[in-house]
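Chemist: I have a structure here, written as structure tokens, and I will follow up with some questions on it.
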Amino acid sequence: MDYWQRRLPLDFKLFLSSALFYGVQGDVIQGHPVNEHCYIKGKFLRLINKALEDPRTAISDSTLMSIVSMCICENIRGTNVVTIHLQGLRHMINLRGGINNLPTDQGQYISEMALMQDMMHATCSNVSPIMFDVYPPILRDMRESGIEHWYPQSPLGVVIDTAFLCPSLELQSSSEILKDAFDAFEMLSIEAFDTETGPDQADVFKLRRDKIYGQLAQCEKEMTEELPYTIQEKAEGAIRIAARIHYRAVVLKVQHEDVLNTEDVTRLYAIMRKIEPGFWKVAYHVYLWLALTGGAASCRHPLLRSYFMSEIIRLGLSIGLSDWLSFRQTMGNFLWLQHHLRKGKSPPRIQIR
């Protein structure tokens, strides 16, 4: 992102885009409904329209990034306007020769930034992406590079090891819950794509799912109305809640935004806001799973949705640009899950009790 930071003083569009982003982000941080910030947004849109009218700047790098920045702000605000911007962005990118023909030198990240906003909007709105193709999930990462502290490992995917490795000592108490959540997702994927193994393992899968259900039900009995006290207890509480929403999705085929999840996503929001974001440096991709689960489940709750969306964006602008392949794969796995649930029939209304 250093490239664009250096460009700010030279391009007033980009300067205004940063001001607008910090405005909407500030609303989220303070827990307020996201304001439209009409004055800055109006000046920003006028400059974008002026650039679009000039053939020399209509599809330039800075104009594309300006549209991406507007998508970021509208994604956080949760308006349908972002769809119009994404469709326009896709058209502009096609005029440049396609997503793979955008510049990759100097750290511009235009293609990654564009696809991020498309994937994030699709996730938190439960719709199909406009530019990103949803593909079958890749749950076990086969790369043999060294495991960094941010290496992708969560219920949405693990490293090459056959067992789920606990991401850190801080999350040791949640290791079984995280492992069970991954196993449940993997069983769903096997049933969806392996027509031989799925039926053969039906009885085994049922026993494993019953065990997961029993553990989640026990965790729910142990929970109290009060918010956890220590940061580790808060993290464990957030993981338990997200695991329940996740279980309903991958086992009961309940879409994330179903009313069954309203109470859980509200509590998840309350707990996660009390956890200092720096804590999740021990397990970035677990935090991404929490934010994606919360974002999808808060689809119909604007205040909650804005918070989860802003956290997904923050992760995208950090670990996403640092390790694009892993981030895209995790996002793609979650988008496949949502796509799979949309194809299914309405599930029975079963509570985890």
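Chemist: Can you pull out the residues in the stretch 92-126 that are without any contact (Cβ under 8 Å) to a residue 40 or more places away in the chain and of a type in the set (V, I, T)?
Modeler: Once the filter is applied, which keeps residues that are without any contact (Cβ under 8 Å) to a residue 40 or more places away in the chain and of a type in the set (V, I, T), the stretch 92-126 yields I93, I99, T104.
Chemist: Taking R267, is it under 26 Å from P137 (Cα atoms) and assigned to a helix (DSSP H, G or I)? Can you show your working first?
Modeler: Values: under 26 Å from P137 (Cα atoms): no; assigned to a helix (DSSP H, G or I): yes.
So R267 fails the test.
Condition check ((1) more than 17 Å from L14 (Cα to Cα); (2) under 26 Å from the mean Cα position of the chain (by Cα)) across all residues:
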position: C38; (1), (2): no, no
position: I48; (1), (2): no, no
position: A51; (1), (2): no, no
position: P55; (1), (2): yes, no
position: S69; (1), (2): no, yes
position: N75; (1), (2): yes, yes
position: T79; (1), (2): yes, yes
position: H85; (1), (2): no, yes
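Chemist: Right, something else. Restricting the search to the stretch 23-55, which residues are under 19 Å from R273 (Cβ atoms) and either modelled with pLDDT of 80 or more or in a helix (DSSP H, G or I) (or both)?
Modeler: V24, Q25, G26, D27, V28, I29
Chemist: Still on this structure: Report the residue count in the stretch 232-253 for those that are aliphatic (A, V, I, L, M), within 12 Å of M272 (Cβ to Cβ) and surrounded by fewer than 24 Cβ atoms within 10 Å (Cβ to Cβ). Please lay out each step first, then the result.
Modeler: Let us first name the residues in the stretch 232-253 that are aliphatic (A, V, I, L, M), namely 235, 238-239, 241-243, 245, 249-252.
Next, only the ones that are within 12 Å of M272 (Cβ to Cβ) stay: 235, 238-239, 241-242.
Narrowing further to those that are surrounded by fewer than 24 Cβ atoms within 10 Å (Cβ to Cβ): none.
Result for the stretch 232-253: 0.
Chemist: Kindly list, by first and then second residue, each pair from a residue in the stretch 244-270 that is over 18 Å from C124 (Cβ atoms) to a residue that is outside any helix (DSSP H, G or I) and at pLDDT below 95, limited to pairs with Cβ atoms under 6 Å and residues at least 6 apart or on different chains.
Modeler: R244/I352; L252/P347; L252/I350; K253/G344; K253/P347
Chemist: Now a separate question. How about the stretch 89-109: which of its residues are more than 24 Å from L292 (Cβ to Cβ) and surrounded by 15 or more Cβ atoms within 10 Å (Cβ to Cβ)? Reasoning before the result, please.
Modeler: Let us first name the residues in the stretch 89-109 that are more than 24 Å from L292 (Cβ to Cβ), namely 91-98, 100-108.
Within the stretch 89-109, M92, I93, R96, L102, Q108 qualify.
Chemist: Let me ask something additional. In the stretch 289-304, how many residues are without any contact (Cβ under 8 Å) to a residue 60 or more places away in the chain and either crowded, with 24+ Cβ neighbours inside 10 Å or touching a Ser or Thr at 6+ places or on another chain (Cβ under 6 Å) (or both)?
Modeler: Of the residues in the stretch 289-304, the ones without any contact (Cβ under 8 Å) to a residue 60 or more places away in the chain are 290-291, 293-294, 297, 300-301, 304.
Subsequent filtering for residues that are either crowded, with 24+ Cβ neighbours inside 10 Å or touching a Ser or Thr at 6+ places or on another chain (Cβ under 6 Å) (or both) retains 290-291, 293-294, 297, 304.
Matching residues across the stretch 289-304 total 6.
Chemist: In addition: Only one of (1) touching a helix residue (DSSP H, G or I) at 6+ places or on another chain (Cβ under 9 Å); (2) free of Cβ contacts under 8 Å to residues at least 12 places away in the same chain is not met by C71, so which one is it?
Modeler: With respect to (1) touching a helix residue (DSSP H, G or I) at 6+ places or on another chain (Cβ under 9 Å); (2) free of Cβ contacts under 8 Å to residues at least 12 places away in the same chain, C71 is out only on (2).
Chemist: Here's a follow-up. Among the candidates G237, G320, which residue alone is in a helix (DSSP H, G or I) and under 22 Å from I138 (Cα atoms)?
Modeler: Numbers: G237 fails: under 22 Å from I138 (Cα atoms).
Step by step, each of G237, G320 is checked, and only G320 is in a helix (DSSP H, G or I) and under 22 Å from I138 (Cα atoms).
Chemist: Can you confirm whether the stretch 194-209 contains a residue that is out of contact with any strand residue (DSSP E or B) (no Cβ under 8 Å at 6 or more places or on another chain), part of a helix (DSSP H, G or I) and under 29 Å from V127 (Cβ atoms)?
Modeler: Yes - at least one qualifying residue is present in the stretch 194-209.
Chemist: Listed residues I84, I72; which is crowded, with 17+ Cβ neighbours inside 10 Å and in a helix (DSSP H, G or I)? Steps first, please.
Modeler: Values: I84 fails: crowded, with 17+ Cβ neighbours inside 10 Å.
Among I84, I72, only I72 is crowded, with 17+ Cβ neighbours inside 10 Å and in a helix (DSSP H, G or I).
The values are calculated or read from the model by the stated rules, or taken from the named source; none is laboratory data. Since the structure is predicted, the reported quantities are computational estimates derived from the model, not experimental observations. A quick note on method: Cβ atoms are made from the backbone with ideal geometry, for glycine too, and the neighbour counts reach across all protein chains shown.
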